[in-house]
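Participant: This is the structure I want to talk about, given as structure tokens.
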Amino acid sequence: MAVTCVCCSTSVDWWVTLRSNPDLPICHDCLAGLNGQRDGQLQLMAGTWLITGFEPIFEVADMTRSVAWFERAGFEVSFHDDTYAFAHRGRDLTIHLAHDTAGEPAGHGALYIHCQDADRVAEEWRRAGLDVDGPRDEDHGRREGSVTDPDGNLIRFGSPLRRSDGLSPGSAGAAGGESRRP
């Protein structure tokens, strides 16, 4: 069921609501705009700069092999040139793939991805033919797994441990605010 965003009047299938106004749906684009405004205000209040994102750089020995691997893992790949590419997953993750021409060894990168459901990530990557380690419950309250690309760059991923009611601590259903699609 589509709703109309109260900010931009666009009909959307996915939206969020505020705990204080659950009858006022806000689309994800407007939510991103509000987050941008918040970040600008925080920067002004703090009097310093804020980190608004980061993108790891993985050294790779064979660009063609690396691009194929990241595409199997569900990333969309774009190229700067024959020696530099970008592996994108959703709107928030970009991994730079740099074919080293200066003699630097490939495969010493690492990345940790916070996700909603580590088991779902592992299942998707296994279906794509990737060798996934885990996930398993860790003592520090996370369920974590990992994969390694063909050059030895490590991607670890983890989600909060599930509560007995099936919700993760701090999830929308557990905390009050929600993101939903009927």
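Participant: If you place +1 on the Cβ of every Lys and Arg and -1 on the Cβ of every Asp and Glu, how big does the dipole about the Cα centre of the chain come out, in debye to the nearest 20?
Facilitator: Details: 17 positive and 28 negative charges, 169 e Å.
Dipole size: approximately 820 debye.
Participant: Something else now. Taking amide H atoms as placed 1.01 Å from N in the peptide plane, list the residues 5 or more away in sequence, or in a different chain, whose amide H sits under 5 Å from that of Cys7.
Facilitator: Excluding prolines and chain starts, which carry no amide H, the hits are Cys27.
Participant: Give me the net charge for the shell around Thr148: Cβ to Cβ below 12 angstrom, other residues only, Lys and Arg +1, Asp and Glu -1. Before the final figure, lay out the partial values.
Facilitator: Values: positive: Arg156; negative: Asp131, Asp133, Asp149, Asp151.
Local charge sum for Thr148: -3.
Participant: Report the Stokes-Einstein translational diffusion coefficient (µm² s⁻¹, integer) for the chain, Rh taken as the Kirkwood radius over Cα pairs, at 10 °C with viscosity 1.306 mPa s.
Facilitator: On the way: Rh = 19.1 Å.
Answer, rounded: 83 µm²/s.
Participant: Mind ranking 57-64, 32-39, 11-18 by how tightly packed they are, going by the mean number of other C-beta atoms within 10 angstrom, highest first?
Facilitator: Details: 57-64: 17.4, 32-39: 11.4, 11-18: 15.1.
Top to bottom by mean Cβ count within 10 Å: 57-64, 11-18, 32-39.
Participant: How large is the charge dipole for the stretch 4-73, taken about the Cα centre, if only the Cβ atoms of Lys, Arg (+1) and Asp, Glu (-1) carry charge, to the nearest 20 debye?
Facilitator: On the way: 4 positive and 8 negative charges, 36 e Å.
Its charge dipole is roughly 180 debye.
Participant: Would you please give the FRET efficiency between Arg72 and Arg38, computed as 1/(1 + (r/R0)^6) with r the Cβ-Cβ distance and R0 = 41 Å, to the nearest 0.05? Don't skip to the end; give the middle numbers.
Facilitator: Working: r = 37 Å, r/R0 = 0.89.
So, using R0 = 41 Å, E works out to roughly 0.65.
Participant: Of Gln41, Ala122, Phe54, whose Cα points farthest to the positive end of the dipole of the chain (charges on the beta-carbon: +1 Lys, Arg; -1 Asp, Glu; origin at the Cα centre)?
Facilitator: Gln41
Participant: So what's the net charge close to Asp29: Lys and Arg +1, Asp and Glu -1, counting the other residues with Cβ under 14 Å from its Cβ? Don't skip to the end; give the middle numbers.
Facilitator: Values: positive: Arg91; negative: Asp13.
Residues close to Asp29 contribute a combined charge of 0.
Participant: Something else: Hey, what's the Kirkwood Rh for the stretch 57-160 if you take every pair of different alpha carbons, in angstrom? Present the calculation step by step, with values, prior to reporting the outcome.
Facilitator: Details: mean 1/r = 0.0711 Å⁻¹.
The Cα-based Kirkwood calculation yields 14.1 Å.
Each reported figure results from applying straightforward, stated rules to the coordinates on display, with no laboratory input. What you see is a predicted model; the values in this text were computed from it and never measured. Glycine also receives a Cβ, built like all others from the backbone with ideal geometry; neighbour counts cover every protein chain displayed.
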